[in-house]
Amino acid sequence: MSFPTRPVWLYRVNQGLHVATGIASIPLLLAKLWTVYPRLFSWPIVRSVGHSLERASIAVFLAASLLQLFMGLLNTLQWYPWPFTFRETHFFLAWVIIGSLLIHIATKLPLIAQHWRRVRGGAPAMASTARATALATTSATSEPAGGWSRRGFFTAVGITVAAVTVTTVGQSFSPLQKLNLFAPRVPSKGPQGLAVNRTAAEAGVKDSARSLDWRLEIAGPRPATLSLAELNRMPQFEATLPISCVEGWSQSARWGGVRVRDLMEHVDAPTGSGLRVISLEQFGPFAQTEMGPEFAEDELTLLALRLGGEVLDIEHGYPARIISPARPGVLQTKWVRKLEVAS
Amino acid sequence: MKLTRAALICLGLVPLGIGLYGLWNYYPTEMLVSIGKWLAIGIVLHDGVLVPLTLVTGALIWRATRGLPAAVGRIIVGGMAVAGVLILLAAPAIKREGVPANPTVLTQHYGYNLAWVLVAIGVTSAILAALAWLRGRRVATRRDAQNSSNVARQQLEG
């Protein structure tokens, strides 16, 4: 499978939107559930087979949505108290939510159709009053005390969504950086003005990355071993590319180093080859990553040695790290030890 | 309609099946039990604690603002809803501040930020509520004036 490499901020937007919509969904979900809460106590508990299925699908939808948003929010704080893995659970729960929501819409379809038909029918004001009365009589408690109008309720929900969005989205949308009050990251806070997802201490590379014996191994048709000095003597290039974390924060930075495609040429890699990137990291699921040919051959993909004109900080992957366009941060492997040409 | 509904249900069963099968296929039983437990915890906390709390708070505010223009109560409740959701959002960060080994995670003073935002919401709600109250009073006065002039006219005509 080939991934697009342009625009360079593709993954930045993708993941920024993902986390921002997740946070915006918190008040949306709470508001939706709040309006239908009295139905929880409707009697009889189950009227028919269809009704029991409907209630079961709502229970699935509700439980999955709550856990999905809660685990997503906590994961962005790097707080993960669950025994099951985040990635798989979040992924499969998303499917469960989509399915149960479709089923829920199907069971409510007559009501939805009835509502819109009435509005189109020409007397919207009367229709909505009639509907409100009908709702009030079927479940008297569903009208909040004091009576919110439909418009008032939506205004309140809209303000709440705006409030949570504006106070967090600055972690990925730079123009709103100043309003970032509750996001777990301020992407410019960190060594060399850039946050870090995994520290050198967490990765267990504090000694190995600083070792004078460090060499870059390249496995290919004509294997090579390069010292840091040798890498610095190769043609150097600069690229302005964002680090975009799966947790939602992102920031653009100016990287300098050797083009990965020059390194592949150095070992006579055949055109169209991919790359396996191996880190000094001793543990972690991303100690070894795969890079498709579309990224390996891209002129912007670097084995970076510098950040903002300075030698890379150890937290950013000293002595050498991968930086490529439109890729998740976890695949921008730090503390690179070895590159393996893979066909 | 029946056909559309049936089609939509079938369409929904596909992703639902993918998700449930995916979980079942990926995890051993004890992990599935754990996921099930957390799904239940979410429902219990939401339905049993969070919503009753908001309903009680809402009812108390409506009671306290009885006799005032309806808009005053609505503004106060709306302000509290915004504040409540922001508290929910900031709570994990406040609880977790200083814990991660990575010094670039949770770099802000979340409690301090939350306090300021809550003050701002409180002040804004108070100003808006005061304006709504004043407007309500003006309307009431005008109505009273109108009523009394109507009464006077009726008396004249009578």
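Where a number appears in this text, it was derived from the coordinates with a stated rule and is not lab data. All of these numbers come straight from a predicted model, not from anything done at the bench. Reconstructed Cβ throughout: ideal geometry from the backbone, glycine too, with neighbour counts over all protein chains shown.
Taking the Cα-to-Cβ direction at A:GLN288 and at B:ARG143 and moving 7 Å from each Cα, how far apart do the two end points lie in nm?
So the two model labels end up 7.7 nm from each other.
Can you compute the modelled spin-label distance between A:ASP262 and A:THR85, with each label point 7 Å from Cα toward Cβ, in nm?
Result: 3.7 nm between the two label points.
What FRET efficiency comes out for A:LYS108 versus B:LEU55 if R0 is 22 angstrom and r is the Cβ-Cβ distance? Round to the nearest 0.05. Kindly include the intermediate steps, with their values, before the conclusion.
Details: r = 23 Å, r/R0 = 1.07.
Rounded to the nearest 0.05, the efficiency is 0.40.
At what distance in angstrom do the alpha carbon centres of the range A:11-86 and the range B:13-45 lie from each other?
13
State which entries of A:LYS206/A:LYS334; A:LYS32/A:LYS108; A:LYS206/A:LYS338; B:LYS37/B:LYS95 exceed 20 angstrom in Cα-Cα distance in the structure shown. Mind showing how you got there, number by number?
Numbers: A:LYS206/A:LYS334 12 Å; A:LYS32/A:LYS108 14 Å; A:LYS206/A:LYS338 17 Å; B:LYS37/B:LYS95 23 Å.
As for pairs spanning more than 20 Å Cα to Cα, those are B:LYS37/B:LYS95.
To the nearest 10 degrees, how steep is helix B:70-96 against the longest Cα principal axis of chain B, on a 0 to 90 scale?
Its long axis makes an angle of about 30 degrees.
I'd like the chymotrypsin sites (Phe, Trp or Tyr not before Pro) in the range A:209-313 restricted to DSSP loop residues with at most 15 other Cβ atoms within 10 Å, sorted by number. Intermediate values should be presented prior to the final figure.
Working: sites: A:TRP214, A:PHE237, A:TRP249, A:TRP255, A:PHE283, A:PHE286, A:PHE295; in loops: A:TRP214, A:TRP249, A:PHE283, A:PHE286.
In loop regions of the range A:209-313 (DSSP not H, G, I, E or B), the sparsely surrounded chymotrypsin sites (Phe, Trp or Tyr not before Pro) are A:PHE283.
How high is the FRET efficiency between A:SER2 and B:MET1 when r is their beta carbon distance and R₀ equals 51 Å, given to the nearest 0.05? Please list the in-between numbers first.
Values: r = 43 Å, r/R0 = 0.85.
In this case the efficiency is close to 0.75.
Return the distance in nm (one decimal) between the two label points of a simple spin-label model at A:VAL46 and A:GLN177, each offset 7 Å from Cα along Cα→Cβ.
Inter-label distance under the simple model: 5.7 nm.
Please work out the FRET efficiency for the pair A:ALA162 and A:ALA224, using the Cβ-Cβ distance as r and a Förster radius of 51 Å; give the result to the nearest 0.05.
Computed FRET efficiency for A:ALA162 and A:ALA224 comes out at 0.40.
Exactly which trypsin sites (Lys or Arg not before Pro) in the range B:36-70 are in a DSSP loop and have at most 11 other Cβ atoms within 10 Å?
B:ARG66
Expressed as an acute angle from 0 to 90° and rounded to the nearest 10, what is the orientation of the C-alpha long axis of helix B:51-64 relative to the principal long axis of chain B?
10
Using only Cα atoms, tell me the angle between helix B:2-26 and the longest principal axis of chain B; keep it within 0 to 90° and round to the nearest 10.
Computed tilt is about 50 degrees.
Which of B:TRP62, B:TRP38, B:TRP133 moves most in a GNM of chain B, Cα contacts under 10 Å?
Among B:TRP62, B:TRP38, B:TRP133, the largest GNM mean-square fluctuation belongs to B:TRP38.
Roughly how many debye, to the nearest 20, is the charge dipole of the protein assembly as shown about its Cα centre, given +1 on each Lys and Arg Cβ, -1 on each Asp and Glu Cβ, and no other charges?
Values: 47 positive and 28 negative charges, 529 e Å.
Around 2540 debye, computed over the protein assembly as shown.
Can you pull the percent of Cα pairs in the protein assembly as shown with separation above 42 Å?
Details: 43916 of 125250 pairs.
Looking at the protein assembly as shown, the distances longer than 42 Å represent 35 percent of pairs.
Taking all pairs of distinct Cα atoms, average 1/r, flip it, and tell me the Kirkwood hydrodynamic radius of the range A:1-49 in Å to one decimal place.
Values: mean 1/r = 0.0686 Å⁻¹.
14.6 Å is the Kirkwood radius here.
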